[in-house]
Amino acid sequence: MTNYYFSTKKMCVGHDNKPLIREMEIALQKGEILSLIGPNGAGKSTVLKSIAGQLKLIGGTVYIGDGVLSGMKADELARKMSVVFTEKIKAEMKSCRDVVATGRYPYTGWFGILSGEDERIVDEVMELTHVADIGEQDFNRISDGQKQRVMLARAICQEPEIVILDEPTSYLDVKYKLEFLSILQEMRDKKGLTVIMSLHELELARIVSDKILCLKGEYTERFGTPEEVFESDFIERLFDIREEEFAANGRMLAYIRQIGKI
């Protein structure tokens, strides 16, 4: 375990003590990006919530460095990991900047008063994530895509070592999908940020990821580099894509097959 910054051993996840995916083994170096892919209902969100400690593990262990996730106190975990899930949040009477600034609360003590350094970090992160221009707007009145970027800014404001993202590009147009993922790569390269996220866009997962975890059924289908995952007809099998279903649409079938090639 000491060779990896983040790892799991025989992790079993599910709901109401009913296993959904068993014996998951994940191993990441610090600063790697892991994308979870698989069909709808495969358990990607369940895995992310279990890693984040929002769902209790049914079995196994999650390690961060030399520590065990279940043994970490809330304030310690908040300084190591930040989370952005798809559930929409309510931020009554808060500007976008107010929402971003809540990412500093693990560092502000009981009274939640931001220091000059906290304010500087908020400004820096808002510029980095391209939300500075909407800083004074009501968070509840901006678009879903803008909210997604504000929530990323909030997560990065925590100065975490790991960020967990559930379908982070869902509400973004093509330009902002690329921009969003570029920000994650920049944070990885400059600050050693480790990213664990689910993605529907296979082409983007292939480009942005250091490792990919493929989920389908009771056990992990495959875990490895993009080169190891996107090969031959594996993607077609992972998503149950049958040639006869696209027999009348040669272009669509060719596109699907192209995704599975490096």
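The values are calculated or read from the model by the stated rules, or taken from the named source; none is laboratory data. From a predicted model like this one, the values you see are computed outputs, not experimental measurements. Cβ coordinates were reconstructed from backbone atoms using ideal geometry, including for glycine residues, and neighbour counts include every protein chain displayed. Note: accessible area is taken over every heavy atom of the protein model, side chains too, but ligands, DNA and RNA are not part of it. Shrake-Rupley method; radii C 1.70, N 1.55, O 1.52, S 1.80 Å.
What to note about this one:
- Positive-end extreme of charge dipole, the chain - chosen from 153, 71, 164 (charges on Cβ): 71
- Out-of-range pairs (alpha-carbon distance over 20 Å; input 73/211; 94/175; 94/190; 18/56; 94/177; 80/175): 73/211; 94/175; 94/190; 94/177; 80/175
- For the chain, the per residue solvent-accessible surface stands at 51 Å², with DNA, RNA and ligands left out and a 1.4 Å probe.
- Working from Cα pairs under 8 Å separated by at least six residues, relative contact order for region 1-44 is 35 percent.
- Cα shape, region 159-215, gyration tensor, a/c 1.5 rule: oblate
- Global geometry of region 96-247, whether rounded, prolate or oblate, following the gyration tensor of its Cα atoms and the 1.5 cut on a/c: prolate
- A Förster radius of 30 Å, combined with the Cβ-Cβ distance separating residue 128 from residue 29, puts the computed FRET efficiency at roughly 0.80.
- Cα gyration tensor shape for region 116-167, rounded if a/c is under 1.5, else prolate or oblate: oblate
- Relative contact order (%) - criterion: Cα under 8 Å, at least six apart; region: region 95-173: 42
- Contact order relative to length of the chain, as percent, for alpha carbon pairs under 8 angstrom and 6 or more apart: 24
- The portion of the accessible surface of the chain made up by carbon and sulfur, rounded to a whole percent, is 49 (1.4 Å probe; DNA, RNA and ligands excluded).
- Proximal aspartates and glutamates to residue 216, defined as alpha-carbon separation beneath 16 angstrom and excluding residues fewer than eight positions away on the same chain: 23, 25, 233, 236, 240
- Potential extension, residue 111-residue 237 segment - 0.36 nm per residue separation minus Cα distance: 40.0 nm
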